[in-house]
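Novice: The structure under discussion is supplied below as structure tokens; questions concerning it will follow.
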Amino acid sequence: MGYGEIEQNCRMVPYQLSYLYLQPIVWLITEVFVIVFLLSTVTVYNYKMFLVLAIGVFIPAYLIYRFFKNKMENYGKLQHSVAIKINNIIKNTIRGYADIYLMHKQDFFIGELLKKQQIYNHISKRINVIQQSFPRIVEWIAIFSVCVLFMFFAYTNMSMSEITLTITVYFASAYRIMPSVNRINASLLMIKQYEYLIDIYKEVNIQLQRIHQDKTPDNYQKEIRFDEKIKLCDVEVSYLEDKSKKVLSGINLEINKSEMIGIIGESGAGKSTLMYVIAGLITPDKGYVEVDNVRINEANILAWHKHISIVFQEPYIVDGNWKDNIAFGGQEINEEKMWECLRLVQLEEYVRSLPGQLDENIGDGGAFLSGGQKQRLALARALYREADVLLLDEATSALDEETQKEVMTAIEQIRKQRNITVIIVAHRYSSLKYCNRILLLEKGQVTKNMFYSELVSSV
């Protein structure tokens, strides 16, 4: 049971257990008392009528319940499972919007949501058919029983007055008993349908104790090449709430192919915003971005996204296994390539030690991973994509010094091998060791352009 499933069960199961499971038990007990009272009265009047009611109403109702109960139990479990998956997809899509939009996986996640919703609707229809058809079937059997009784009484030469009296008493008794029988069966079916909630409730308690203890199309409109440089010309970005306040102002910058650029500055200086502008996630209010002298606009923004991989300080982790998170909606899985990416970010040994290895579930939001492991997983995803531009927004902040050094060395090797461009936002200066140059951002403006040696000597 993943963390997201535990979270949703904590919210859903107590309500469902009280309303969908315990309440039908109360109804069942109430209706049983009503029927016992009525049958006692009928038996005192005429014990034969009790037998008639048993044959005509209770036995058919019990047989129908036996026929439907397993179906309702299975449908109930499946419906709950699908509801959890639907909620997870919606939550993950909202939380990971930037990653999904940048990698053009909207259709994949929308498709997954629609498929799960169709399954949920199909199950709900079947449950509704059973619930609606059950009382009708019992009523028709009761009517059929009356016809059989009438023919039986006529065959035994019973007088018409006796037949009329018997049938009248039968109808009067059945008229009051039938609703109770239907409610009892409806309650039994609901109890069977939601019986699994007891097991989930127990499992949630166990898991909580354990935790406590320990629509954009994918075909790009216009292709764009990146062989020379990225250029930002007079870029200006304002706050949404107040256009007079600038996040970035007068940014003029050139980044050459295969360069490693560092960006430093105080919090709120505009470092992340600058990264988003380069990635095409934010459109400047003024100015523009060029790639190899081609201006980025609506006609080619999707093609530019194809060249970008970005890793955030708080990476988006899917509630799934390692494959799901590294491939991130990819249709073709290359396990050999995944292992290589995990090796580069110092995770191969750890993943190979897991029982399921690449198929091991890591929980909603990476609940079973440390902060450093989440960041390295996001780095592995970015490397797996093999984009031309790698943007790291405080992407190694949760790593210890030694691991960060090894990861940055691996990224430097990849930069040289693949001829990729790397742009790093960092507060920890040691992660900027391999940068060709470092930009100081102050109040939305680039105020200094320096080498790593200059940065270290100025500290």
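The values are calculated or read from the model by the stated rules, or taken from the named source; none is laboratory data. Not measured: the values here are computed from a predicted model. Please note: Cβ atoms are built from the backbone with ideal geometry, for glycine as well, and neighbour counts cover all protein chains shown.
Novice: E290 is checked against (1) more than 22 Å from I411 (Cα to Cα); (2) part of a loop (DSSP other than H, G, I, E, B); (3) charged (D, E, K, R) and fails just one. What number does that condition carry?
Specialist: Condition not satisfied by E290: (2).
Novice: Another question, if that's okay. Name the residues in the stretch 87-118 that are in contact with a Lys or Arg (Cβ under 9 Å, 6 or more places away or on another chain) and β-branched (V, I, T), would you?
Specialist: Those that are in contact with a Lys or Arg (Cβ under 9 Å, 6 or more places away or on another chain) and β-branched (V, I, T): I89, I110.
Novice: Further question: Is the stretch 423-441 home to any residue that is in contact with a Ser or Thr (Cβ under 6 Å, 6 or more places away or on another chain) and over 29 Å from Q373 (Cβ atoms)?
Specialist: Here is the first cut: in the stretch 423-441, the ones in contact with a Ser or Thr (Cβ under 6 Å, 6 or more places away or on another chain) are 431, 440.
Narrowing further to those that are over 29 Å from Q373 (Cβ atoms): 440.
Yes, there is a match, as at least one residue in the stretch 423-441 is in contact with a Ser or Thr (Cβ under 6 Å, 6 or more places away or on another chain) and over 29 Å from Q373 (Cβ atoms).
Novice: Sticking with this structure for a sec: Tally up the residues in the stretch 352-374 that are part of a helix (DSSP H, G or I) and modelled with pLDDT of 80 or more, please. Before you say what the answer is, go through the steps one by one.
Specialist: Of all residues in the stretch 352-374, those part of a helix (DSSP H, G or I) come to 352, 357-359, 371-374.
Okay, now just the ones that are also modelled with pLDDT of 80 or more, so 352, 357-359, 373-374.
Residues in the stretch 352-374 being part of a helix (DSSP H, G or I) and modelled with pLDDT of 80 or more: 6 in total.
Novice: Same structure again: Go through D234, D227 for me and flag whichever is over 37 Å from the mean Cα position of the chain (by Cα), modelled with pLDDT of 85 or more and in a loop (DSSP other than H, G, I, E, B). Steps first, please.
Specialist: Working: D234 fails: in a loop (DSSP other than H, G, I, E, B).
Residue meeting the stated conditions: D227.
Novice: Given the criteria charged (D, E, K, R), assigned by TED's automatic domain parsing to the domain that holds Q413 and touching a strand residue (DSSP E or B) at 6+ places or on another chain (Cβ under 9 Å), does D319 qualify?
Specialist: Here the answer is yes, as D319 does meet what is asked.
Novice: Got a number for residues in the stretch 277-298 being in contact with a strand residue (DSSP E or B) (Cβ under 6 Å, 6 or more places away or on another chain) and either under 20 Å from E223 (Cβ atoms) or aromatic (F, W, Y) (or both)?
Specialist: The qualifying residues number 7.
Novice: OK, next. If you take the residues in the stretch 59-97 that are more than 30 Å from W140 (Cα to Cα) and among the aliphatic types (A, V, I, L, M), which one is surrounded by the fewest Cβ atoms within 10 Å (Cβ to Cβ)?
Specialist: Among them, the one singled out is I94.
Each row is one residue, and each column tells you yes or no for (1) modelled with pLDDT under 80; (2) charged (D, E, K, R); (3) not assigned by TED's automatic domain parsing to the domain that holds L441.
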{"position": "M178", "(1), (2), (3)": "yes, no, yes"}
{"position": "Q193", "(1), (2), (3)": "yes, no, yes"}
{"position": "D199", "(1), (2), (3)": "yes, yes, yes"}
{"position": "L208", "(1), (2), (3)": "yes, no, yes"}
{"position": "K243", "(1), (2), (3)": "yes, yes, no"}
{"position": "N252", "(1), (2), (3)": "no, no, no"}
{"position": "K257", "(1), (2), (3)": "no, yes, no"}
{"position": "D285", "(1), (2), (3)": "no, yes, no"}
{"position": "E290", "(1), (2), (3)": "no, yes, no"}
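Novice: Something else about it: If I filter the stretch 300-311 for residues that are among the hydrophobic types (A, V, I, L, M, F, W, C), assigned by TED's automatic domain parsing to the domain that holds A398 and part of a loop (DSSP other than H, G, I, E, B), do I get at least one hit?
Specialist: If we filter the stretch 300-311 for residues that are among the hydrophobic types (A, V, I, L, M, F, W, C), which is where we start, we get 301-304, 308, 310-311.
Now drop any that are not assigned by TED's automatic domain parsing to the domain that holds A398, which leaves 301-304, 308, 310-311.
Still in the running and part of a loop (DSSP other than H, G, I, E, B): none.
No, the conditions are met nowhere in the stretch 300-311.
Novice: Is it the case, given these coordinates, that T30 is part of a helix (DSSP H, G or I) and at pLDDT 75 or above? Steps first, please.
Specialist: Values: part of a helix (DSSP H, G or I): yes; at pLDDT 75 or above: yes.
Judged against the criteria, T30 is a match.
Novice: Before we move on, is M275 among the hydrophobic types (A, V, I, L, M, F, W, C) and touching a Cys at 6+ places or on another chain (Cβ under 6 Å)?
Specialist: Working: among the hydrophobic types (A, V, I, L, M, F, W, C): yes; touching a Cys at 6+ places or on another chain (Cβ under 6 Å): no.
When the stated conditions are applied, M275 does not pass them.
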